[in-house]
Amino acid sequence: TVKGQLGATLIQFSIWAFITNYSYGVMAYFERYAMRQPWYRNCQVNYKDDDAQEIYQFPDPGFNYVTFFQTVIHHGGGGLLMLTGMLTGQAWIWRHGMLV
């Protein structure tokens, strides 16, 4: 129903707004975690000449790794919901995956 789709959209937006917030959300915690790791310097060096760094020009090239991780969570979560919906025959779960 239209009402269900609008409600699901609002819930999905609220969840992803929290997950992807770099000030207080899940990505803020992941960014701080990643920056403390010894391998983060390798990310900075490896992403220095990356195409994404040329486009976005982040002050810290290693931030490209953090944003890529966000993309993996986003597409992986949506794909998992869609797959679950297909395997269980539940269209509402599949639609939630599409909303992600």
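Tell me which residues, restricted to the stretch 53-86, are more than 15 Å from Tyr22 (Cα to Cα) and surrounded by 15 or more Cβ atoms within 10 Å (Cβ to Cβ).
Answer for the stretch 53-86, where residues must be more than 15 Å from Tyr22 (Cα to Cα) and surrounded by 15 or more Cβ atoms within 10 Å (Cβ to Cβ): Gln53, Pro61, Gly77, Gly78, Leu81, Met82, Gly85.
For the stretch 9-31, what are the residues that are more than 16 Å from Met98 (Cα to Cα) and assigned to a helix (DSSP H, G or I)?
Within the stretch 9-31, Ala17, Phe18, Ile19, Val26, Met27, Ala28, Tyr29, Phe30, Glu31 qualify.
Would you mind telling me which numbered condition in (1) aliphatic (A, V, I, L, M); (2) under 18 Å from the mean Cα position of the chain (by Cα); (3) surrounded by fewer than 17 Cβ atoms within 10 Å (Cβ to Cβ) Val100 fails?
Failed condition: (3).
Cβ contacts < 7 Å: first residue closer than 16 Å to Phe13 by Cα and modelled with pLDDT under 90, restricted to the stretch 81-100; second residue aliphatic (A, V, I, L, M) and surrounded by fewer than 16 Cβ atoms within 10 Å (Cβ to Cβ), any location; separation 6+ or different chain. Result?
That search, which allows pairs on different chains as well, returns Arg95/Ala8; His96/Ala8; Leu99/Ala8.
Does any residue of the stretch 16-25 turn out to be among the polar types (S, T, N, Q) and either surrounded by fewer than 11 Cβ atoms within 10 Å (Cβ to Cβ) or touching a residue at least 60 places away in the same chain (Cβ under 8 Å) (or both)? Working first, answer last.
Applying the first criterion (among the polar types (S, T, N, Q)) to the stretch 16-25 yields 20-21, 23.
From what's left, either surrounded by fewer than 11 Cβ atoms within 10 Å (Cβ to Cβ) or touching a residue at least 60 places away in the same chain (Cβ under 8 Å) (or both): 23.
Yes; the residues of the stretch 16-25 include at least one that is among the polar types (S, T, N, Q) and either surrounded by fewer than 11 Cβ atoms within 10 Å (Cβ to Cβ) or touching a residue at least 60 places away in the same chain (Cβ under 8 Å) (or both).
So which of Leu6, Leu80 ends up being more than 12 Å from Val100 (Cα to Cα) and either in a helix (DSSP H, G or I) or hydroxyl-bearing (Ser, Thr, Tyr) (or both)? Full working, then the answer.
Values: Leu80 fails: more than 12 Å from Val100 (Cα to Cα).
Sole residue among the options that is more than 12 Å from Val100 (Cα to Cα) and either in a helix (DSSP H, G or I) or hydroxyl-bearing (Ser, Thr, Tyr) (or both): Leu6.
The values are calculated or read from the model by the stated rules, or taken from the named source; none is laboratory data. Not measured: the values here are computed from a predicted model. Cβ sites come from the backbone with ideal geometry, for glycine too, and all protein chains shown count toward neighbours.
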